[in-house]
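K.L.:
Can you read through this structure? Questions will come right after.
The values are calculated or read from the model by the stated rules, or taken from the named source; none is laboratory data. Only a predicted model underlies this, so the values are computations on that prediction, with no experimental measurement involved. When we count neighbours, we look across all protein chains shown, and the Cβ atoms used for this are built from the backbone with ideal geometry, even at glycine.
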């Protein structure tokens, strides 16, 4: 009994640590962005950590993940080292995409992490195909596909939900509903804003989940992933969450009410878990120190990374085995 | 070589599909009406009965979803062949083709190859009007990361598919709609075709006529007629539109010193424009006359037959262009 209790406490402490890794990693990214070490678009996940941390607990190493341009959290939880993510943002050769992708395009096939897709809705067809391959080979794998509420307005979303349901594909659709498609509120874009209900019309189980509660996300995602793995066809989670920061570093955030942001911040998923698990400030200090160490190591790794020689600019456009040695 | 048999372009393509499905159990075909209907142009007729609905997969009218599904399945180790009814419909899947298939390898730093084959019909000449008749392969040839091929002969219809499946990167096969019924002889043991090089289909010394896909036949007919007037045209079949085989093109130009390009795409910003630029860059001092281009008129393809005929390259247009190029009656 006590041992089980300890294991549970240990697990929840790990969930907390994972959320903190994302939070602190991204806070550091903001600093590095201001210092011009990181450029391009930088989309922060701060506030939404419970979604990635909770949902990804449901996966095994053989499962697959497709994500969006707001994917630092998914990448970190999936096990891509913080160092190679940071190096990617630095545009260095030791980055997880060899400096070709940046913040929006993190990839790691070893961890079955298939991006980092910066076209809203563009990752869904890819996820369908990954799952189709598993299904055709009779492998009991789950493909978790993350996308935002904005994707629900895309044609690709509806094409893919239909196809996944029709072919009974092993996909766990994870809709991160943070209420805004960039700067446009859900209700300004959609007549029907109950996204889980809309997904259910495609004949797949679909549930709304409190995306600020990591334990609720974990529990629902585990249940859904298990059903998918057992051949129950696609499942859909509408993870109701909120981003505390602006859409990207370029966004002055003119479209949101300050009071609304403050209201959601009171539901901070990290604070909520700390309160619930009665984590002491001493314990928090220990976790924070550990996380800070990982992040400073990551920065050191990125700083030490080499830049790809410009002569290799067109590398990776075609594979080495391309007939005729590769175009143009 | 075995005794050649009489066949059609359509049957050669079907035989290529059948062979691929037999040789490699990772191969499957998916697209609109490929199964029960037998393929919009009857290319896959009978394959559903032979290989079953798992491998001959009818899809909803969801171009983006099933092309993307092909990309995902290819990444995961399958060898999908995706059929899109016409190039005009492929525009509904352009996001997946350009933003995923063509970019993933590079964007992932070489981790994610996409060994996907997409087949689609292209071209005019069947009175199908402005949403079923365009030749947009030149657009696709603009995109790094893709290989673009256009089989114009029975041998290429039979042999390019397997080569495309062996390519580690995405290959788009453009089948001109006017070619499916063309017939001829094909060796029963016809093998894989090269998808990196152009081919000289008719040797000649006076002018290089460069064509591909649906315009190759017209170029060859023009060359026959010119021959009776003492003009020997060398006819080059580009075969692969990306990468372009500069070597074969320049070698011919350096021998003939005159060039006529025949391209069913629109002239502005076209494949013919790209080839013209390359010849000017690489063989300018070998030219004895301005490069001539026979392209489709800058108009959406019209329905009425006389208007459609006037819009797309015809044998007479090629003849006139060659005569201008060689300075005979121009």
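K.L.:
Do any strands (runs of 3 or more DSSP E) lying entirely in the range B:1-89 carry at least 2 residues that are closer than 27 Å to residue B:182 by Cβ and out of contact with any helix residue (DSSP H, G or I) (no Cβ under 8 Å at 6 or more places or on another chain), and which ones are they?
P.N.:
B:4-8, B:79-86
K.L.:
Quick one: would you say residue B:237 is closer than 19 Å to residue B:196 by Cβ, away from chain A (no Cβ under 14 Å) and within 17 Å of the chain's Cα centre (by Cα)?
P.N.:
yes
K.L.:
Among the residues of the range B:50-62 satisfying the criterion of being at the interface with another protein chain (Cβ under 8 Å from one of its Cβ atoms) and in contact with a strand residue (DSSP E or B) (Cβ under 8 Å, 6 or more places away or on another chain), which is nearest to residue B:33 (Cα to Cα)?
P.N.:
Per the stated criteria, the residue is B:59.
K.L.:
Suppose we filter the range B:245-269 for residues that are touching a residue at least 60 places away in the same chain (Cβ under 8 Å) and within 14 Å of chain A (Cβ to nearest Cβ); how many remain?
P.N.:
Counting residues in the range B:245-269 that are touching a residue at least 60 places away in the same chain (Cβ under 8 Å) and within 14 Å of chain A (Cβ to nearest Cβ) gives 0.
K.L.:
Looking only at the range A:60-76, how many residues end up being under 20 Å from residue A:27 (Cβ atoms) and surrounded by fewer than 24 Cβ atoms within 10 Å (Cβ to Cβ)?
P.N.:
The number of residues fulfilling the criteria is 1.
K.L.:
Counting only residues that are within 14 Å of chain B (Cβ to nearest Cβ), farther than 24 Å from residue A:62 by Cβ and either at pLDDT below 95 or in contact with a helix residue (DSSP H, G or I) (Cβ under 8 Å, 6 or more places away or on another chain) (or both), how many does the range A:162-201 have?
P.N.:
Final tally of qualifying residues: 1.
K.L.:
When residues of the range B:83-99 are filtered for being within 13 Å of chain A (Cβ to nearest Cβ) and closer than 21 Å to residue B:33 by Cα, how many remain?
P.N.:
6
The rows are residues; the columns are (1) farther than 24 Å from residue B:73 by Cα; (2) in contact (Cβ under 8 Å) with a residue 60 or more places away in the chain; (3) under 11 Å from the mean Cα position of the chain (by Cα).
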| site | (1), (2), (3) |
| --- | --- |
| B:130 | yes, yes, no |
| B:133 | yes, yes, no |
| B:138 | yes, yes, yes |
| B:143 | no, yes, no |
| B:154 | yes, yes, no |
| B:157 | yes, yes, yes |
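K.L.:
While we're here: Residues in the range A:284-300: is at least one within 14 Å of chain B (Cβ to nearest Cβ), loosely packed, with under 13 Cβ neighbours inside 10 Å and either under 26 Å from residue A:102 (Cα atoms) or without any contact (Cβ under 8 Å) to a residue 12 or more places away in the chain (or both)?
P.N.:
Within the range A:284-300, not a single residue is within 14 Å of chain B (Cβ to nearest Cβ), loosely packed, with under 13 Cβ neighbours inside 10 Å and either under 26 Å from residue A:102 (Cα atoms) or without any contact (Cβ under 8 Å) to a residue 12 or more places away in the chain (or both).
K.L.:
Which of the following residues is more than 30 Å from residue A:135 (Cα to Cα) and at pLDDT 95 or above: A:212, A:204?
P.N.:
A:212
K.L.:
While we're looking at this one, here's another question. Look at residue B:304 and say whether it is farther than 30 Å from residue A:322 by Cα and crowded, with 22+ Cβ neighbours inside 10 Å.
P.N.:
no
K.L.:
For the subset of the range A:107-130 comprising residues that are within 9 Å of chain B (Cβ to nearest Cβ) and either over 18 Å from the mean Cα position of the chain (by Cα) or in a loop (DSSP other than H, G, I, E, B) (or both), which member is farthest from residue A:49 (Cα to Cα)?
P.N.:
Per the stated criteria, the residue is A:129.
K.L.:
Among the residues of the range A:148-161, which ones are more than 8 Å from chain B (Cβ to nearest Cβ) and out of contact with any strand residue (DSSP E or B) (no Cβ under 6 Å at 6 or more places or on another chain)?
P.N.:
Once the filter is applied, which keeps residues that are more than 8 Å from chain B (Cβ to nearest Cβ) and out of contact with any strand residue (DSSP E or B) (no Cβ under 6 Å at 6 or more places or on another chain), the range A:148-161 yields A:151, A:152, A:153, A:154, A:157, A:158, A:161.
K.L.:
Also: For residue B:185, which of the numbered conditions (1) more than 14 Å from the chain's Cα centre (by Cα); (2) part of a strand (DSSP E or B); (3) under 23 Å from residue B:85 (Cα atoms) fails to hold?
P.N.:
For residue B:185, the failing item is (3).
K.L.:
Which number in (1) over 29 Å from residue B:91 (Cα atoms); (2) buried (at least 24 other Cβ atoms within 10 Å of the Cβ); (3) within 11 Å of chain B (Cβ to nearest Cβ) marks the one condition that residue A:209 misses?
P.N.:
Unmet condition: (3).
K.L.:
Given the residues B:102, B:193, which is the only one that is within 14 Å of chain A (Cβ to nearest Cβ) and in contact (Cβ under 8 Å) with a residue 60 or more places away in the chain?
P.N.:
Working: B:193 fails: in contact (Cβ under 8 Å) with a residue 60 or more places away in the chain.
Checking each option against the conditions leaves just B:102.
K.L.:
Answer yes if at least one residue in the range B:131-138 is modelled with pLDDT of 95 or more and within 11 Å of chain A (Cβ to nearest Cβ), and no otherwise.
P.N.:
No - not one qualifying residue is present in the range B:131-138.
K.L.:
Taking the range B:240-250 as the search range and keeping residues that are touching a strand residue (DSSP E or B) at 6+ places or on another chain (Cβ under 6 Å) and closer than 15 Å to residue B:211 by Cβ, which one is surrounded by the most Cβ atoms within 10 Å (Cβ to Cβ)?
P.N.:
B:240
K.L.:
Taking residue A:97, is it more than 17 Å from residue B:116 (Cβ to Cβ) and more than 9 Å from chain B (Cβ to nearest Cβ)?
P.N.:
In short, no.
Conditions tested, residue by residue: (1) out of contact with any strand residue (DSSP E or B) (no Cβ under 8 Å at 6 or more places or on another chain); (2) surrounded by 22 or more Cβ atoms within 10 Å (Cβ to Cβ); (3) within 21 Å of residue B:13 (Cβ to Cβ).
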| site | (1), (2), (3) |
| --- | --- |
| B:74 | no, yes, yes |
| B:78 | no, yes, yes |
| B:87 | no, yes, yes |
| B:91 | yes, no, no |
| B:94 | yes, no, no |
| B:113 | yes, yes, no |
| B:117 | no, yes, yes |
